[in-house]
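Q: Handing you a structure now.
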Number of protein chains: 6
Amino acid sequence: MRPSGRTSQQIRPVTITRNYTCHAEGSVLIEFGDTKVLCNASVTAGVPRFMKGKGQGWITAEYGMLPRATHTRSDREAARGKQGGRTMEIQRLIGRSLRAAVDLSAMGENTIVVDCDVIQADGGTRTAAITGACVALVDALNHMRKNGMIKVNPLKFMVAAISVGIYKGEPVADLDYPEDSAADTDMNVVMTDTGKIIEIQGTAEEEPFSFEEMNAMVELAKHAIRELNDHQQDALN
Amino acid sequence: MRPSGRTSQQIRPVTITRNYTCHAEGSVLIEFGDTKVLCNASVTAGVPRFMKGKGQGWITAEYGMLPRATHTRSDREAARGKQGGRTMEIQRLIGRSLRAAVDLSAMGENTIVVDCDVIQADGGTRTAAITGACVALVDALNHMRKNGMIKVNPLKFMVAAISVGIYKGEPVADLDYPEDSAADTDMNVVMTDTGKIIEIQGTAEEEPFSFEEMNAMVELAKHAIRELNDHQQDALN
Amino acid sequence: MRPSGRTSQQIRPVTITRNYTCHAEGSVLIEFGDTKVLCNASVTAGVPRFMKGKGQGWITAEYGMLPRATHTRSDREAARGKQGGRTMEIQRLIGRSLRAAVDLSAMGENTIVVDCDVIQADGGTRTAAITGACVALVDALNHMRKNGMIKVNPLKFMVAAISVGIYKGEPVADLDYPEDSAADTDMNVVMTDTGKIIEIQGTAEEEPFSFEEMNAMVELAKHAIRELNDHQQDALN
Amino acid sequence: MRPSGRTSQQIRPVTITRNYTCHAEGSVLIEFGDTKVLCNASVTAGVPRFMKGKGQGWITAEYGMLPRATHTRSDREAARGKQGGRTMEIQRLIGRSLRAAVDLSAMGENTIVVDCDVIQADGGTRTAAITGACVALVDALNHMRKNGMIKVNPLKFMVAAISVGIYKGEPVADLDYPEDSAADTDMNVVMTDTGKIIEIQGTAEEEPFSFEEMNAMVELAKHAIRELNDHQQDALN
Amino acid sequence: MRPSGRTSQQIRPVTITRNYTCHAEGSVLIEFGDTKVLCNASVTAGVPRFMKGKGQGWITAEYGMLPRATHTRSDREAARGKQGGRTMEIQRLIGRSLRAAVDLSAMGENTIVVDCDVIQADGGTRTAAITGACVALVDALNHMRKNGMIKVNPLKFMVAAISVGIYKGEPVADLDYPEDSAADTDMNVVMTDTGKIIEIQGTAEEEPFSFEEMNAMVELAKHAIRELNDHQQDALN
Amino acid sequence: MRPSGRTSQQIRPVTITRNYTCHAEGSVLIEFGDTKVLCNASVTAGVPRFMKGKGQGWITAEYGMLPRATHTRSDREAARGKQGGRTMEIQRLIGRSLRAAVDLSAMGENTIVVDCDVIQADGGTRTAAITGACVALVDALNHMRKNGMIKVNPLKFMVAAISVGIYKGEPVADLDYPEDSAADTDMNVVMTDTGKIIEIQGTAEEEPFSFEEMNAMVELAKHAIRELNDHQQDALN
């Protein structure tokens, strides 16, 4: 039924490549099938003004899409002079998800910025970004421990994310672009490796959905994220 | 337990005032307790460029907060020269929710813009905005029918929205500002008056939440939205 | 002769509602007939950089129009990414008028920002804004005295403003929108309650005007402003 | 009494140089003492969108100040990315003044943009700009007649402008920078060569002013503008 | 003498990977040692407004640097709201170089945009970008021929670029970052595979240079570009 | 052969007027034929943030073109809200050229900004700007010595610039607009009065150029710049 021939709960092949670029403290290329996102975590001493003097750290994320990551070229946001609403929405989601995974009070007044740049898009860029960004974050935190910037590991748990949806009436996991653009409902779920929810965002694109459908989608997400956690652990070992 | 003394499922007093201003085709002031949002629906002939030639209509929303709607003054977005990420996120949510309620293909190539401006804020401004905007939308659609711009009523169902959350370990409905700023989890639910979900957005601000907590929150939302639908009907009758 | 049936010197009904919203130190809704402007005065400690170290306070104003305050919807300035020339011109006028009313050297290094947001427009929004903003300013200054931020009342006099013009060859006071859009000449006058002029701005929209016409308009303004001063006092008592 | 030794009604030496640059259809350098403004009028076929199809022409103005036209360097507006409020206010004033002088319906659907750029500033830049811009406008209109773009001369009258003010308690004409920065009141008056008022803008910088003071200032303006009209005529002959 | 141990005329290892991403009509990853630039060429029907009606095509380029392509993170231009001067300078250079290589009049009214995004930077990003962009351009032109958008091959010659400089008093080719940041002089040369110059830009960072030094640098560039032409041909075969 | 009748090595008449405006520490109007650029050098204590604490000075430049400096009016950059790529490119070139001429470490933590504003354009505005800016810089440095801001003269040499190109197959010096817009190749050369190169930028507009052509152009530039150096010295004596 699915254009890719996958079963409804089957996610695309996942590849996580650490140290993809040489400068960032954490640098991860994550691939969900044809979706490829480069996640670079940068550590800097100090925190933004609104966090100063609290003795806590700060984690934030920025998201971008190369103009021709998609089927047709989209305008370069730097040239247009502003980030679009979709970009803002996504980078806020990534930032919240990563902050939820870390005990900021154990980070000292240091900042980690995770840049998630989409090299190639085929649906699910934000969930790939969160899943890869968490691995880059771990590398950046390890870098901080080696450099003596922090004493203990402030990571509370790993986070990963998957998109689920109702496609042709059936709940499916990890929608690719052909599915995403035709789905009735699209839901992004961010979870911890302890099986709890960090963020859930479900949108009825065409048809409102029922509680039963919601629960079916969440169930698919739970299984998929467990698989993603395994991929994260494999990459980190 | 709640600062306001409300029970966990009790929402704040709701007031819906139609024809609040005199120029807009639909003009509604909605109050959820001390939260007051003015929702003005404007009808114009024609659609934005990306919709031209499809024979369909378009509905969109813009959201703003008066600088001193809140406890401390925030910068005026027009003076800063851009809308913030939170504003973009909210106005996109309102727009999606309203579009889901209407059969765009029955609207002709006409546009409705709903401006949701927060006069006074005490938590829940986006859910009040959606609930009030839907009433303003009904008035705007009625205006179009009277003027012969449309033949049939393109409204598929009423939509309303409520925030729910985990406050001090308990699921509660319709969080006010003191609760919102201290809650572990904050979830916004948009539903139809036919009991289906349009949008669900849950965020763990402090602690990840379980599936049981999610379901408890959704249950509270379902009841609250039924009440809001009654308020909408009362206002329209 | 006037569309509203008013006599040439007759101003529209004036309503001044204090404490219109709950957060601002001064919050006034002022109505000149169908023109409704919300004036919120916000007190903050400190002054802008260019005033630092002078031992003086600062007062400034910002002006905005809700997109559908007018007959047809105008673009939201925050979405367009800049304030228009008309907005800038008006908020500079309001700021100058309020600063002229206050002994800044008796305010300490504190700032009052008055936000004037037009909820509904029917001509004369800038003059209503100044008249209402002065009442909000008084409430904000009283708040500062109660909180011990200032010792003496720095207010030198009340200010109020009215528009006058030549409509169908006759000088008239307090032009509403139908008159304003058809007037030959439009003049805004800001005066103190001691009968002196703070600001006068007259523009020949269609026909240049003579000194006699100027004097006739100023005379009308003097009387109208005396009435507005009474409304201000009534509201403050 | 005046820093420059001038009498109260004495304006600075005025020089008007036509054809100052070679490309513009009208190009005038005007000097009021040390204030030097280059006024270039550019003719183009067509009108802005909001004027299309009315069979009328359009005249507008833009104003700029070279960064080091003043005692201390101010930021370049192009580099800051926006025009300031003062710039907007002034260019709107120049545009209105010029439009009042011309019968737009006799201009055809053509546009004249007058760029007023301040090369050196010593007070009174906006009044010098209006006075010089009107001469450049005449040259541009003559160019249009020669080229057959218009048949009749659409100029209704010449306009000129002067600043007047209360300096050390005395009304004075044509304030230079030392006076302007110390004046109690500053008033700009734009008049026709038929002795009527196009625009009057008076601001109490320090002390509110009386009706008598206003009349004294206007009287000074009337005489000064008559002188400026003579300078304009001399330049045009 | 060189930090990398290279001889003065030795360039870094060059790798050119075609079809690096799947959507663009031409997609090339080019590596000059640790410098990695992704060059995506996008074909669209139509030309920008200023080229319309000339019966010619248009080629342009945009350049960007991922925020952590460099040793320390730089701000994201999309978030700052504008492209910096260096970015503009580089993308204009790339665009001019590519346009010089193509007979625009044989392209029909079609546009090719080449996006050059730096994934990792170690000096020489603009020269790598030009060299890779030309290969992507060839692929895009071939795509157009296969699709029947053009009949003949409008490519006049291949272009490639190299940086040369004076490092510790010696002329060297293909400066990496440690050399670039310490060089006295930096020169970028763009040449055709027919041995002619498209663009030469030499800057004395520290010490002015002599004609002899200029000629020595140009000589190095000539040899290096011949090598780059070979790499381009190998990649295309 | 040249439209102006000049010989191939003949530059246009050069005029350098010092103290052109009265406020700037250095103010030079430079004319290359009909090209007129006003170069104002402003001295301020302190340096930009990225230079603080190095005990060095800073020199930078800004470039602008009056909207009607050219044959047809171009948009005002301040009104469009950003500087174009060409403007950025030019002002960066001027800044680099001036910094190369000065020993920044002998300037103390002071800044000189040179504003180069084109009053009238006929080709070669950037080279005229550099040549005039250097004279304004000398005046500003002399002002600093008189005021005791610096002890020794930090100027290392004078810089001047000329454009050369291939016009109708022949190398020519100092292209005016008719030549510039038709030239095959355009090269700007910045040199010291000691005969060394600061910057060379050559662009093949139509046809790639050979090494021989490059050398012929550079040879022309060398002679022209020697002439310009004489004009600079004459102006300074």
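The values are calculated or read from the model by the stated rules, or taken from the named source; none is laboratory data. What you see is a predicted model, and the numbers here were worked out from it, not measured in a lab. Ideal geometry is used to build each Cβ from the backbone, glycine not excepted, and the neighbour counts take in all protein chains shown.
Q: Suppose we keep only residues that are of a type in the set (S, T, N, Q) and in contact with a helix residue (DSSP H, G or I) (Cβ under 9 Å, 6 or more places away or on another chain) within the stretch B:185-228. Which one would you say is farthest from A:Ile200 (Cα to Cα)?
A: First, pick out the residues of the stretch B:185-228 that are of a type in the set (S, T, N, Q): B:185, B:188, B:192, B:194, B:201, B:203, B:210, B:215.
The next check asks that each one be in contact with a helix residue (DSSP H, G or I) (Cβ under 9 Å, 6 or more places away or on another chain); those that pass are B:185, B:188, B:192, B:201, B:203, B:215.
Numbers: B:Thr185: 11, B:Asn188: 10, B:Thr192: 19, B:Gln201: 6, B:Thr203: 7, B:Asn215: 12 Å.
Out of the qualifying residues, it is B:Thr192.
Q: Let me ask another. From the list E:Ala61, E:Ala41, E:Ala79, pick out the single residue that is without any contact (Cβ under 8 Å) to a residue 40 or more places away in the chain, out of contact with any Phe, Trp or Tyr (no Cβ under 6 Å at 6 or more places or on another chain) and not in a loop (DSSP other than H, G, I, E, B).
A: Working: E:Ala61 fails: without any contact (Cβ under 8 Å) to a residue 40 or more places away in the chain; E:Ala41 fails: without any contact (Cβ under 8 Å) to a residue 40 or more places away in the chain.
Being without any contact (Cβ under 8 Å) to a residue 40 or more places away in the chain, out of contact with any Phe, Trp or Tyr (no Cβ under 6 Å at 6 or more places or on another chain) and not in a loop (DSSP other than H, G, I, E, B) holds for just one of E:Ala61, E:Ala41, E:Ala79, which is E:Ala79.
Q: Now for a separate question. I'd like the residue in the stretch E:205-237 that is hydrophobic (A, V, I, L, M, F, W, C) and under 15 Å from the mean Cα position of the chain (by Cα) and, out of all such residues, is surrounded by the fewest Cβ atoms within 10 Å (Cβ to Cβ). Show your work before the answer.
A: So in the stretch E:205-237, the residues hydrophobic (A, V, I, L, M, F, W, C) come out as E:209, E:211, E:214, E:216-218, E:220-221, E:224-225, E:228, E:235-236.
Checking which are under 15 Å from the mean Cα position of the chain (by Cα) leaves us with E:221, E:224-225, E:228.
Values: E:Ala221: 27, E:Ala224: 24, E:Ile225: 27, E:Leu228: 28.
Step by step, filter the stretch E:205-237, then rank; the result is E:Ala224.
Q: Hey, can you tell me all the residues within the stretch E:182-225 that are more than 13 Å from chain F (Cβ to nearest Cβ) and without any contact (Cβ under 8 Å) to a residue 24 or more places away in the chain?
A: E:Ala182, E:Ala183
Q: Also, I was wondering about something else. Taking the stretch D:62-88 only, how many residues are more than 9 Å from chain F (Cβ to nearest Cβ), within 17 Å of D:Ala121 (Cβ to Cβ) and surrounded by 18 or more Cβ atoms within 10 Å (Cβ to Cβ)?
A: Final tally of qualifying residues: 2.
Q: Taking the conditions exactly as written (of a type outside the set (Val, Ile, Thr) and at positive phi), does F:Gly95 satisfy them or not? Walk me through how you get there before you give the answer.
A: Details: of a type outside the set (Val, Ile, Thr): yes; at positive phi: no.
For F:Gly95, the condition - of a type outside the set (Val, Ile, Thr) and at positive phi - is not met.
Q: Can you tell me how many residues within the stretch F:1-33 are farther than 30 Å from F:Lys146 by Cα and part of a loop (DSSP other than H, G, I, E, B)?
A: The initial filter retains those residues of the stretch F:1-33 that are farther than 30 Å from F:Lys146 by Cα, namely F:1-13, F:32-33.
Restricting the remaining residues to those that are part of a loop (DSSP other than H, G, I, E, B) gives F:1-13, F:33.
Here the count works out to 14.
Q: Being part of a helix (DSSP H, G or I) and acidic (Asp, Glu) is the filter here, so list the residues in the stretch B:205-222 that pass it.
A: Filtering the stretch B:205-222 down to residues part of a helix (DSSP H, G or I) leaves B:211-222.
Across the stretch B:205-222, the qualifying residues are B:Glu212, B:Glu213, B:Glu219.
Q: If we scan the stretch C:87-103, do we find a residue that is part of a strand (DSSP E or B) and in contact with a Cys (Cβ under 8 Å, 6 or more places away or on another chain)?
A: No, that holds for no residue.
Q: Right, here's the next one. Hey, can you tell me all the residues within the stretch E:13-31 that are within 14 Å of chain A (Cβ to nearest Cβ) and surrounded by 16 or more Cβ atoms within 10 Å (Cβ to Cβ)? Please lay out each step first, then the result.
A: Taking the stretch E:13-31 first, the residues within 14 Å of chain A (Cβ to nearest Cβ) are E:17, E:19-29, E:31.
Listed by number, the residues that qualify are E:Tyr20, E:Thr21, E:His23, E:Ala24, E:Glu25, E:Gly26, E:Ser27, E:Val28, E:Leu29, E:Glu31.
Q: A follow-up question, please. Assuming C:Asp117 fulfils every condition listed in (1) free of Cβ contacts under 8 Å to residues at least 24 places away in the same chain; (2) in a strand (DSSP E or B) apart from one, which condition is it?
A: Exception for C:Asp117: condition (1).
Q: Taking the conditions exactly as written (under 20 Å from D:Ala160 (Cα atoms), facing chain F (nearest Cβ under 10 Å) and buried (at least 24 other Cβ atoms within 10 Å of the Cβ)), does D:Leu38 satisfy them or not? Before the answer, list the steps.
A: Numbers: under 20 Å from D:Ala160 (Cα atoms): yes; facing chain F (nearest Cβ under 10 Å): yes; buried (at least 24 other Cβ atoms within 10 Å of the Cβ): yes.
Here the answer is yes, as D:Leu38 does meet what is asked.
Q: Sticking with this one: Within the stretch A:93-108, is there a residue that is basic (Lys, Arg), touching a helix residue (DSSP H, G or I) at 6+ places or on another chain (Cβ under 6 Å) and touching a residue at least 12 places away in the same chain (Cβ under 8 Å)?
A: No: zero hits.
Q: Still on this structure, I have one more. Out of E:Gly55, E:Gly81, report the one residue that is under 27 Å from F:Lys82 (Cα atoms), modelled with pLDDT under 95 and not polar (S, T, N, Q). Walk me through how you get there before you give the answer.
A: Values: E:Gly55 fails: under 27 Å from F:Lys82 (Cα atoms).
Exactly one residue qualifies, and that residue is E:Gly81.
Q: OK, next. Taking the condition of being away from every other protein chain (no Cβ under 13 Å) and of a type in the set (Asp, Glu), how many residues in the stretch E:95-125 meet it?
A: Total meeting the criteria: 1.
Q: May I ask you to list the residues in the stretch F:18-44 that are β-branched (Val, Ile, Thr) and either within 15 Å of the chain's Cα centre (by Cα) or closer than 9 Å to F:Ala136 by Cβ (or both)? Full working, then the answer.
A: Filtering the stretch F:18-44 for residues β-branched (Val, Ile, Thr) gives F:21, F:28, F:30, F:35, F:37, F:43-44.
Within the stretch F:18-44, F:Val28, F:Ile30, F:Thr35, F:Val37 qualify.
Q: When you check B:Val47 against the structure, is it more than 24 Å from B:Gln233 (Cβ to Cβ), away from chain C (no Cβ under 14 Å) and either modelled with pLDDT of 95 or more or surrounded by 15 or more Cβ atoms within 10 Å (Cβ to Cβ) (or both), yes or no? Steps first, please.
A: Values: more than 24 Å from B:Gln233 (Cβ to Cβ): yes; away from chain C (no Cβ under 14 Å): yes; either modelled with pLDDT of 95 or more or surrounded by 15 or more Cβ atoms within 10 Å (Cβ to Cβ) (or both): yes.
Spelling it out, B:Val47 is indeed more than 24 Å from B:Gln233 (Cβ to Cβ), away from chain C (no Cβ under 14 Å) and either modelled with pLDDT of 95 or more or surrounded by 15 or more Cβ atoms within 10 Å (Cβ to Cβ) (or both).
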